[in-house]
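No value in this document is a laboratory result; all are computed from the given coordinates. Everything quoted here is computed from the prediction, not taken from an experiment. As a convention, Cβ positions derive from the backbone with ideal geometry for all residues, glycine included, and neighbour counts pool all protein chains shown.
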Amino acid sequence: MKIGILSRNRKLYSTKRLVEAAAARGHEVRVINHLRCYMNIASFKPSIHYNGELLPKFDAIIPRIGASVTFYGSAVVRQFEMMGTFSLNESVAISRSRDKLRSMQLLSRKGIGLPVTGFANSPDDTYDLLQIVGGAPVVVKLLEGTQGKGVVLAETRKAAESVVEAFRGLNANFLVQEFIKEAGGADIRCFVIGDKVVASMIRQAQEGEFRSNLHRGGSSRLIKITPEERSTAVRSARIMGLNVAGVDILRSNHGPVVIEVNSSPGLEGIESTTGKDIAGLIVSYIEKHWKAGKTRTKGAG
């Protein structure tokens, strides 16, 4: 198979591991910086150009689209789909999962456990908004944030009002969520491929920090998840339409609650913690499910 990996940096751990895994299975693999791709939108025959050349036909692509370039990255993935290329995660699913508000609305509609969450536009609604989520402490979260960026814990009502006021002053869109104190600064990353959780780890925030992201100094270890947590992770990925996803879960007093569904989950933390060949499992999934023109969206949406 000819496999393209959409990544802005071929030196990243996840990109390198996917290249190694694909090559080890005899596939022809190429790393493509999606920001350098350009397309003739009006052409009757969809095509993608890259570094002055017309890209050859790929059987499948593995999108590694960063949150900051979701719009353009999804457009490139969509163009590949219109060319009949199988995408590990489709453009609509990537866009859907990156929109925190939309993704939470979809998960909630399907009965997935979530932290109590509020969203408002007018500063006049701040007091009632904080009441909806149970009052301080609360987590204020930018809709565009990732890897713990743009996430603030406000421990008092006054602090919460100040953070909300500051975000509004920046014309930023944000959510206000209940703080799950019983989670103890820990969350569970479930790595979903297809209809299975293939690996899971618990991430613990360092002392004095509530965000457990490994990029922020958090630690990780193996964990055995419950059947309910496993089901929640698989259902969440399916609702988003993702074949591969990192589903982050908190253990609350009212069961597992999902805080994020990541369409481009990193491989380094989960592979080093679990010792599993996640990259190999991803390539194996493509081998089993790839089919020319097999895309649900057909470039729509």
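The protection proxy used here, the mean number of other Cβ atoms lying within 10 Å of each residue, ranks peptides 29-41, 70-82 as follows, highest first: 70-82, 29-41. Taking the Cα atoms only, what angle lies between the long axis of helix 13-24 and the longest principal axis of the chain, rounded to 10 degrees? Computed tilt is about 30 degrees.
Our Cα-only numbers for the chain put the radius of gyration and Dmax at 19.9, 60 Å.
In the chain, the longest principal axis of the Cα atoms and the axis of helix 100-109 are about 80 degrees apart. When each of the peptides 226-236, 161-171 is scored by how many other beta carbons lie within 10 Å of its residues on average, the order from highest to lowest is 226-236, 161-171. Counting only alpha carbon atoms, the long axis of helix 70-82 and the longest principal axis of the chain meet at about 40°.
Net length available on complete extension from K2 to I132 is 41.7 nm, with 0.36 nm assigned per residue and the Cα-Cα distance removed. Using just its DSSP H runs of length 4 or more, each adding -39500 (n - 2.57), the chain gives a mean residue ellipticity at 222 nm of -9500 deg cm²/dmol after division by all residues.
Cross-linked pairs K45/K100; K16/K291; K45/K196: Cα-Cα separations exceed 30 Å for K45/K100; K45/K196.
Residues whose amide H lies under 5 Å from that of I61, counting only those 5 or more places away or on a different chain, are G4, F86, S87, L88; hydrogens are built 1.01 Å from N in the peptide plane.
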